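Working notes, beginning with the structure itself.
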There are 2 protein chains.
Amino acid sequence: MSLKPITEIILPAIETELQRQVARLDEARTRPFHEMLTYHMGWSGAGSGPEAQGKRLRPLLLLLTVAANGTDWLRAAPAAAAVELIHNFSLVHDDIQDNSGLRRGRETVWKKWGLAQGINAGDGLFVLANLAISDLEERFPADTILKVAKILHATCLDLTRGQFLDISYETRTDLPIEDYWPMVAGKTAALLSACTHIGAILGGADEAACEAYRDFGHYLGLAFQVRDDYLGIWGNSALTGKSNKSDLVAGKKSLPVLYGLEKAGAFAKRWQEGPIRGDEAASMSQKLTEEGAQLYTQEMSDQMTDLALKALRLANPQGDAGQALYDLAQRLLGRES
Amino acid sequence: MSLKPITEIILPAIETELQRQVARLDEARTRPFHEMLTYHMGWSGAGSGPEAQGKRLRPLLLLLTVAANGTDWLRAAPAAAAVELIHNFSLVHDDIQDNSGLRRGRETVWKKWGLAQGINAGDGLFVLANLAISDLEERFPADTILKVAKILHATCLDLTRGQFLDISYETRTDLPIEDYWPMVAGKTAALLSACTHIGAILGGADEAACEAYRDFGHYLGLAFQVRDDYLGIWGNSALTGKSNKSDLVAGKKSLPVLYGLEKAGAFAKRWQEGPIRGDEAASMSQKLTEEGAQLYTQEMSDQMTDLALKALRLANPQGDAGQALYDLAQRLLGRES
């Protein structure tokens, strides 16, 4: 047994497996294509390194779930690579769709190589995810792999559905609060849910435990998004590293904003008149608080967090990896106890 | 036995299966998303109908191959839908990458619904293709489906490689003729090859026959592309329905053009000075003919056609479907005998 915490052993293995999967494009004629992907993944180019790679939260969740079921997590490494590649495919296309020039402080792929290559780079990451699943072939029975593939494809359909809603909502001012959950379920919760569900299947969990793990990922995703929405308005900017007014100024249709619009009070009135200026953000967040949005968002965050932890307890994860899943959830959801 | 030719029975079944696959998005919240896809597939919106649907060549090839191996082709319908969905995913992204406003005489998806939704619509078609493969589950053994999935994913990697080369080549004037084949192999031949290969596997062909079918699709794709390049410069515009000068004026790096550039003669000199005007097209195609490009392209087309038909004979397709495969190849390659 290693003295290192299990996450510190898993994370470098994830990076190795990802590099192995992306290396399918590493040949003379398509070297610049390979370079676009290694740049995006944070391994090459200006500003490369851990900061540019992101947290690899999804593959970590998947492999910890495998391990928490007493199965050798390394066998499932291609599945972990697949979910991270799916996540990054959606980021590359998202950056184009949002017209974003920066990601993690670096120029986005489409800004650097142009729109046409940017779309193709995203497509390439998606294809590599599919091929990674094929790589499970020698490690798991064929029907298990088909089950995993089906979950992943259904999740991708949820992602495109969520993306459709997100893009559609940008131009709407009459958005009802009920529309928040389907969008967030598609954009954030679906993939996290797939990670824990796939991890449970590859870990050999029984059907009831598989469902509990799936629910854990789902509620973890919802809780995480609601907390992110909360911090986007009332967060401590020193901790989050961004202005705590940015979501209001950016016009993001987060949960507190939808709540405020539903209330149709002073906040909604001003919101509908046009973009919020930086010097109005404090008074607008104050209005939201007075109208009950802060309390509501906190309650929703607590509710989703409770559901996530309840599902995890039901799944009953074992050993160091099981403890690491609790720790990860609590760190993500900001409960340091 | 039906009195109708087999292709006339298969084609409506392809359309039905495609609609069933795309209907996964037909629900209240994502109805406009579903509409983007049914519009692109030629089933809804202005100008819908057979003309807008295209020839469905790829699924037809796949199902004819299944039938030519004595297997009930209808069982393989989801695989046929998958290859057509992959083809259409690439068309939707291609239209954005090429900045094309029209496809088959109709407004393109991204022109109609915007860039962000256009990218997402293409992604959606890709996901639906993956899900269609999962639908083979109840009809074929799990290891057969994994084999099919792997071929399709590897093909998609070839498509994105070909697309990368195509986009890269747009800005290059020094393109060697050897670079033509990898691009065309990725962009055109890979998917046709996957169709006949997958059809042979699902039809239960032995390994040697599977390889012969795969080669048939590959050379059919190359022959088809070379012939298309030929017609783009020396074709009878009355037959092709487009100006026979268009490829030169459009600046397309087709095989005759790359041959002319390699010759570094009068054609290459003028080409490198900038875009060809409409009134120069006749003299430029004349230059190409004089420098041997017409003969060379014709020879390449004949060579690839021979290789395709040789592979098909080796595969030894049976029955009405077998005859239909020969007919289809000959019609595609312009040999009416």
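The values are calculated or read from the model by the stated rules, or taken from the named source; none is laboratory data. Since we're looking at a predicted model, the values are computed, not measured. In this analysis, Cβ positions are derived from the backbone assuming ideal geometry, glycine residues included, and neighbour counts consider all displayed protein chains.
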Qualifying residue in the stretch B:237-248 (condition: more than 14 Å from chain A (Cβ to nearest Cβ) and buried (at least 24 other Cβ atoms within 10 Å of the Cβ)): yes
Some residue of the stretch B:107-123 being modelled with pLDDT under 95, surrounded by fewer than 24 Cβ atoms within 10 Å (Cβ to Cβ) and more than 21 Å from A:Q117 (Cβ to Cβ): no
Matching option when the condition is surrounded by fewer than 22 Cβ atoms within 10 Å (Cβ to Cβ), within 13 Å of B:E84 (Cα to Cα) and out of contact with any strand residue (DSSP E or B) (no Cβ under 8 Å at 6 or more places or on another chain), among B:E15, B:E8: B:E15
Some residue of the stretch B:118-125 being more than 7 Å from chain A (Cβ to nearest Cβ) and outside any helix (DSSP H, G or I): no
A:N99 vs. criteria within 14 Å of chain B (Cβ to nearest Cβ), out of contact with any Pro (no Cβ under 6 Å at 6 or more places or on another chain) and farther than 30 Å from A:D320 by Cβ: yes
Total residues in the stretch B:155-168, condition more than 7 Å from chain A (Cβ to nearest Cβ) and modelled with pLDDT of 95 or more: 3
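Kindly establish whether B:L332 is buried (at least 18 other Cβ atoms within 10 Å of the Cβ) and modelled with pLDDT under 95.
yes
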Tally of residues being touching a residue at least 24 places away in the same chain (Cβ under 8 Å) and within 10 Å of chain A (Cβ to nearest Cβ) across the stretch B:180-209: 1
Selected residue (criterion: nearest to the other protein chains (Cβ to nearest Cβ)) from residues of the stretch B:126-138 that are surrounded by fewer than 24 Cβ atoms within 10 Å (Cβ to Cβ) and out of contact with any Lys or Arg (no Cβ under 7 Å at 6 or more places or on another chain): B:E137
Answer from A:G54, A:G70, A:G42, A:G47 - the residue that is more than 14 Å from every other protein chain (Cβ to nearest Cβ), exposed (fewer than 15 other Cβ atoms within 10 Å of the Cβ), more than 25 Å from A:A142 (Cβ to Cβ) and out of contact with any Leu (no Cβ under 7 Å at 6 or more places or on another chain): A:G47
